[in-house]
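The values are calculated or read from the model by the stated rules, or taken from the named source; none is laboratory data. A quick note: this is a predicted structure, and the numbers were derived from the prediction, not measured. FYI the Cβ positions are ideal-geometry reconstructions off the backbone, even for glycines, and counts take in every protein chain you see. Just the protein is used for accessible areas: all its heavy atoms, side chains included, with ligands, DNA and RNA removed. Shrake-Rupley method; radii C 1.70, N 1.55, O 1.52, S 1.80 Å.
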Amino acid sequence: MADKILNKLYIKVWRQNSPKEKGRFETYEIEDISQGSSFLEMLDILNDKLIRDGKDPIAFDHDCREGICGMCSLYINGRAHGPDREITTCQLHMRKFNEGDTITIEPWRAGSFPVIKDLIVDRTAFEQIQHAGGFVSVNTGGIPDGNAIPIGYDDAEEAMDAASCIGCGACVATCKNSSAMLFVAAKVSQLAKLPQGKVEAKRRARNMVAKMDELGFGGCTNTGACELECPKSISISHIARLNREYLTAKFSE
Amino acid sequence: MSKIENKIPQGPLAEKWSKHKSDIKVVSPANKRKLDVIVVGTGLAGASAAASLGELGYNVKAFCYQDSPRRAHSIAAQGGINAAKNYQNDNDSVFRLFHDTIKGGDYRSREANVYRLAEVSPLIIDQCVAQGVPFAREYGGTLANRSFGGVLVSRTFYARGQTGQQLLLGAYSALNRQIAKGSVKMYTRHEMLDVVVKDGKARGIVTRDMVTGDVKSHGAHAVVVATGGYGNVFFLSTNAMGCNGSAAWQCYKKGAWFGNPCFVQIHPTCIPVHGDQQSKLTLMSESLRNDGRVWVPKKKEDAEKLQKGEIGPNDIPEEDRDFYLERRYPSYGNLVPRDVASRAAKERCDAGFGVNNTGKAVYLDFKYSIERLGIDVIKARYGNLFQMYEKITDTDPYKEPMMIYPAIHYSMGGLWVDYNLMTNIPGLYAIGEANFSDHGANRLGASALMQGLADGYFVLPYTIGDYLADEIMTPKIDTDAPEFKEAEKAVTGRLEKLFNIKGTKPVDYFHKQLGHYMWDYVGMSRNAEGLQKAIDGIKKLKEEFWKDVLVPGEMNNLNPELEKAGRVADAIEMGILMAQDALDRNESCGGHFRDESATDEGEAKRDDKNYTYVSCWEHKGEDKDPVLNKEDLVFENVKLTQRSYK
Ligand SMILES: Cc1cc2nc3c(=O)[nH]c(=O)nc-3n(C[C@H](O)[C@H](O)[C@H](O)COP(=O)(O)OP(=O)(O)OC[C@H]3O[C@@H](n4cnc5c(N)ncnc54)[C@H](O)[C@@H]3O)c2cc1C
Ligand code: SF4
Ligand code: FES
């Protein structure tokens, strides 16, 4: 069951040596790629060739290569995480491509995610949003027994759905407003669904949204593009819950 | 040989930790504010430690190489986390968890450490629940449990197949709270490249800013290394691409002992290597062996046809299938422990019965349980794993058996630490997978997450106080001191050296070569001849690397190849030490199998008389042979028995 080999592909990729420099597209030819290879393995092979030819390899973010760390990004042929549903770029395989294809690869494009080099962007803004309230205020120790707080099966499941966010930023990259609402909503909603997080729910919503606005992410106009491209299928219903928490927080000010 | 003080408290096993806690010193809140602590690595162990130390009032600086602490490889743990809660009323207890862990580790870990781990385990679950970790629940609202390999009780807590993710996000949120408060300063995209020892004590680290290339010193009254495992020495493993043993290796080179380097875990159920373009391996959860049957063809000609792709698995009639685990281990069958299952697969494939185009795969077949339980039950149990398998391999495991093969997964060995989790360098601590403690020669499923969080939340925050209490008069560490300047110079010098070789081969070439040596000779079964071959071969590889590696790009810019070059240079040296340790240990125990130490049936044979010790390797200088110190393991509460799964 050997995989088919793609004899030739054209990789059109964004090159930008530093944040200050203006970027440009460059096209490379690459040969003999097994369809069983992952997309990032294809980039490894291209990089190996570039290095041996004395050129600078293409910088891209990645780590776990199994769809969970959220480190990989890439806008491939106009889609965040490429042409497949419910996966990250590192889970994309070359069997989604055909002989002779030109594959266009860009970094996430959003004002709040500046390019560092080539395909690597700076997602520090996501960190700052979490610092603003993405936690329950408890210290280590002095905690009641885990079973002291019963949580209904459905609530736990719904919290888990929201908690599945991997912080990749595809939602922002996909959104025409570069809004981070889905990312923020995932955290706010997870914690609002649980009694432990309920106590601070309003404050959390207010602070995280304020931080998001301050960092220059756009507003949400309910296009739903984020949900479609989210590798973890985080539902926009969480945005509705965030809005509820946010509005009641505003009212109670 | 150096003297070994493991600081294990006197007294009965069950009282050691509480007694120790009341004996050790504490630091007043006013003094904590004056003390700086560096935590390198913010996975489960590091994030939980940094957050807890920040809460206590210390000034913490934390470092990780990714762009966020949330991306540490703890995120990838699937199965769950153990805790002796006895919520199922199935007679679980601290002692039982302790005993299972000691036995699972094949009697090569310390009783006192493992008992403490079991003792604090229930607190971890409480802590995570309070943080909002969405553990699986029963309809009544209580926490749900599942069972895991090698034990008879149900004590594993889980959050779908994403337990590591949820626990890490919990620790990350606690860390974020401290970052917001200013008690922890977080440095992302920073790589530690050396530890600084001054007057015999760890006083700081040297890092490289991975975006700008700046090399800089950071001082502190204590340094905690929580940088994870070194499975990537094998090149292909279930670790993330960036996982590395380099930070631990830098500590080793500054005098910290390396404990049991040859103890690595090989997981039997991973997706096989598809070709030489492969960059990493993906784990398929151990739970699959509950319902899948492992087999290869009985006839070699069938195997050959499978390898050529002339026939498929479903063409092989029932009577021509060899369910070799059920055949060899009738009582445990497909559920033998990880090390046994891995070796048995290798044995069949080496004998020519492997089933994929490389001959290095066996079948894990769900046909029988689908017939027995119906497809819906199997879908409910393993749906997400089946989908993941299909995405990667493009075959449908509902219709055709999965193909699996063993892969490197975890490192039990690591920096040697005493009962306080301090290395033999005063002020230098190691926690999580980076240390050697607790798992002996083999780790049980769902116990690494437990250990990382036990270390970070409930052990280190206490034990570090004992050391820091004597440091309250030490002023802020001056990073202009000559020790720091020298370390910075050495780090920069090494980077420049790597960069200026300008050879002909990319870093990955060397990493792959190293991987071949490790997998072939320091892998699932080892013998003196092969290990010597590995040592000689890797030494040659080291020479070649330093002559011929090609690092492109710029020094003072983001440069992943330069980062990799440093890590692979270290991995090459680690590979040599791992082989040396494996050569020294002429017994089979846990994940370490020596062909010379087997029963007549080819099963592992431990040698308690000669090898009941922790090997603590001491660096003696560049290109000098390291010295082996031995910490004898003393068992007062368990009886040593040979494992048998027949
Ligand atoms: C696929 C997979 C599944 C697993 N499933 C389970 C399971 O179900 N149950 C279980 O108990 N265990 C499981 N394990 C094992 C467990 O996940 C790990 O042992 C554990 O999470 C390690 O945690 P850690 O905090 O020690 O290290 P990590 O989470 O690996 O964190 C290492 C940290 O160190 C940083 N770092 C590394 N080097 C440097 C450097 N030089 N400078 C600066 N920072 C550095 C990294 O950035 C990161 O923050 C699994 C492991 C794998 C690979
Ligand atoms: S919501 Fe989805 S797309 Fe957005 S960061 Fe989270 S996982 Fe990525
Ligand atoms: S590399 Fe971790 S999600 Fe893609």
Test item: Cα-centred dipole of the protein assembly as shown, Lys/Arg +1 and Asp/Glu -1 on Cβ, debye: 1720 debye
Efficiency of FRET from Cβ geometry, residue B:276 and residue A:28, R₀ 25 Å, rounded to 0.05: 0.75
Average beta carbon contacts from partner chains per residue of A:53-62, 10 Å cutoff: 4
Rh by Kirkwood over Cα pairs, then Stokes-Einstein D for the protein assembly as shown at 0.890 mPa s and 25 °C, µm²/s: 88 µm²/s
Charge tally in the Cβ shell below 10 Å around residue A:131, where Lys, Arg are +1 and Asp, Glu are -1, residue A:131 excluded: +2
Extension gain from residue B:31 to residue B:609, taking 0.36 nm per residue of separation minus the Cα-Cα distance: 203.2 nm
Helix B:338-348 axis, angle to chain B major axis (alpha carbon atoms, nearest 10°): 50 degrees
Environment charge of residue A:146, counting only residues whose C-beta is closer than 13 Å and scoring Lys/Arg +1, Asp/Glu -1: 0
Length gained when the stretch residue B:21-residue B:308 is fully extended (0.36 nm per residue, less Cα-Cα span): 97.0 nm
Listed residues A:172, A:132, A:225: farthest to the positive end of the dipole of the stretch A:124-251 (Cβ charges): A:132
Inter-site label distance for residue B:10 and residue B:476 at 7 Å from Cα along Cβ, in nm: 4.4 nm
FRET efficiency, residue B:350 to residue B:623 (Cβ-Cβ, R0 35 Å, nearest 0.05): 0.50
Neighbourhood charge, 10 Å Cβ-Cβ cut-off, centred on residue B:324 and excluding it, Lys, Arg +1 and Asp, Glu -1: +2
Cα-centre dipole for the stretch A:5-116 with unit charges at Cβ (Lys and Arg positive, Asp and Glu negative), debye to 20: 420 debye
Backbone N under 19 Å from the residue B:640 label point (7 Å along Cα→Cβ), restricted to the stretch B:559-599: B:582-599
Kirkwood-based shape ratio for the stretch A:5-116, expressed as Rg/Rh from alpha carbons: 0.94
Solvent exposure ordering (accessible area, 1.4 Å, most first) of B:486, B:304, A:26: B:486, B:304, A:26
Taking the stretch A:124-251 and dividing mean pair separation by its residue count, relative contact order in percent (alpha carbons under 8 Å, at least six apart): 35 percent
Nearest-0.05 FRET efficiency for residue B:185 and residue B:485, computed from C-beta distance (R0 22 Å): 0.45
Dipole in debye (nearest 20) - chain B, about Cα centre, beta carbon charges: Lys, Arg +1; Asp, Glu -1: 1120 debye
Approximate spin-label separation residue A:244-residue A:124, in nm, with each point projected 7 Å along Cα-to-Cβ: 3.7 nm
Distribution of pairwise C-alpha distances over the stretch B:267-408, 5 Å bins, in %: 2, 10, 21, 25, 23, 15, 5, 1
Sorted peptide list for B:84-91, B:636-643, A:200-207, criterion being average Cβ within 10 angstrom, highest first: A:200-207, B:84-91, B:636-643
C-alpha long axis of helix B:94-104 to longest principal axis of chain B, angle in °: 70 degrees
Most positive-pole-ward Cα, B:30, B:48, B:87, against dipole of chain B from beta carbon charges: B:30
Relative contact order (%) - criterion: Cα under 8 Å, at least six apart; region: chain B: 20 percent
The stretch B:383-460: relative contact order in percent, alpha carbon pairs under 8 Å with at least 6 residues between: 23 percent
Debye intensity ratio in log₁₀ form over the Cα atoms of the stretch B:367-492, taken at each q of 0.17, 0.18 Å⁻¹: -1.00, -1.05
Cα gyration tensor shape of chain B, rounded if a/c is under 1.5, else prolate or oblate by comparing a/b with b/c: prolate
Taking all pairs of distinct alpha-carbon atoms in the stretch B:482-607, Kirkwood radius in angstrom: 16.2 Å
Area of residue B:429 that stays accessible when all protein chains are in place (1.4 Å probe, Å², to 10): 0 Å²
Dipole of the stretch B:267-408, positive end: most advanced residue of B:374, B:284, B:340 [Cβ charges, Cα centre]: B:340
